């Protein structure tokens, strides 16, 4: 009988442990590149092309000069180049698109060739409690959340400095950033990518 009762208590304890460990919900995503974290993203995400982006392709190194080709990415996600025709651009980085164009041209049409792909202006958006509300900012390499906010005129007096949201364009992921912490520690200041949004919450008085 004692063994039976003791077994019941043991089973009950195990069940309670499973409930306590299994019912916890994940906390809000916060950025800290000093440790592995789901919100940290690859730098390759910076340069992925979208429909409507302007792409300029330069071809050099051949015997005869080749004029640059500038084209807006069409709704089907492609650009069209001389000789090789349609090339898929959406979702690729500049480097990936360069490689694909190169392999389509060399060696079928050219023995040697240098391919350079450039994009037009890229933007991101800053809204909420900043002094330039709803502003569209031009993207430059190295932009972070704090730099983006400073480019938008800085925080207003009503800004909740602990609730700044970075919303990823590609995934919709919301990353919470503490502005003051990010200023003190670059590891807590996430990079901003083209088409991302930054929203600064208002303080609750």
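The values are calculated or read from the model by the stated rules, or taken from the named source; none is laboratory data. For clarity, every value in this text was computed on a predicted model and none was experimentally measured. Positions of Cβ are backbone-derived with ideal geometry, glycine not excepted, and every protein chain shown enters the neighbour counts.
One residue stands out in segment 126-148 among those that are surrounded by 14 or more Cβ atoms within 10 Å (Cβ to Cβ) and under 13 Å from the mean Cα position of the chain (by Cα): the one that is nearest to residue 70 (Cα to Cα), namely 139. If you check 117, 87 for being free of Cβ contacts under 8 Å to residues at least 40 places away in the same chain, touching a strand residue (DSSP E or B) at 6+ places or on another chain (Cβ under 8 Å), part of a strand (DSSP E or B) and closer than 28 Å to residue 59 by Cβ, only one passes: 87. Here residue 198 clears all of (1) modelled with pLDDT under 95; (2) more than 22 Å from residue 93 (Cα to Cα); (3) surrounded by 14 or more Cβ atoms within 10 Å (Cβ to Cβ) except the condition numbered (1). Total residues in segment 176-195 satisfying the condition of being assigned to a strand (DSSP E or B) and either touching a helix residue (DSSP H, G or I) at 6+ places or on another chain (Cβ under 7 Å) or modelled with pLDDT of 95 or more (or both): the figure is 2. Select from segment 149-175 the residues that are within 30 Å of residue 51 (Cβ to Cβ) and outside any loop (DSSP other than H, G, I, E, B) and write down the one among them that is farthest from the chain's Cα centre (by Cα). This residue is 151.
Would you confirm, using the coordinates I've provided, whether residue 111 is farther than 24 Å from residue 71 by Cα and either assigned by TED's automatic domain parsing to the domain that holds residue 52 or part of a loop (DSSP other than H, G, I, E, B) (or both)? Working first, answer last.
Numbers: farther than 24 Å from residue 71 by Cα: yes; either assigned by TED's automatic domain parsing to the domain that holds residue 52 or part of a loop (DSSP other than H, G, I, E, B) (or both): yes.
Yes; evaluated as a whole, the condition is true for this residue.
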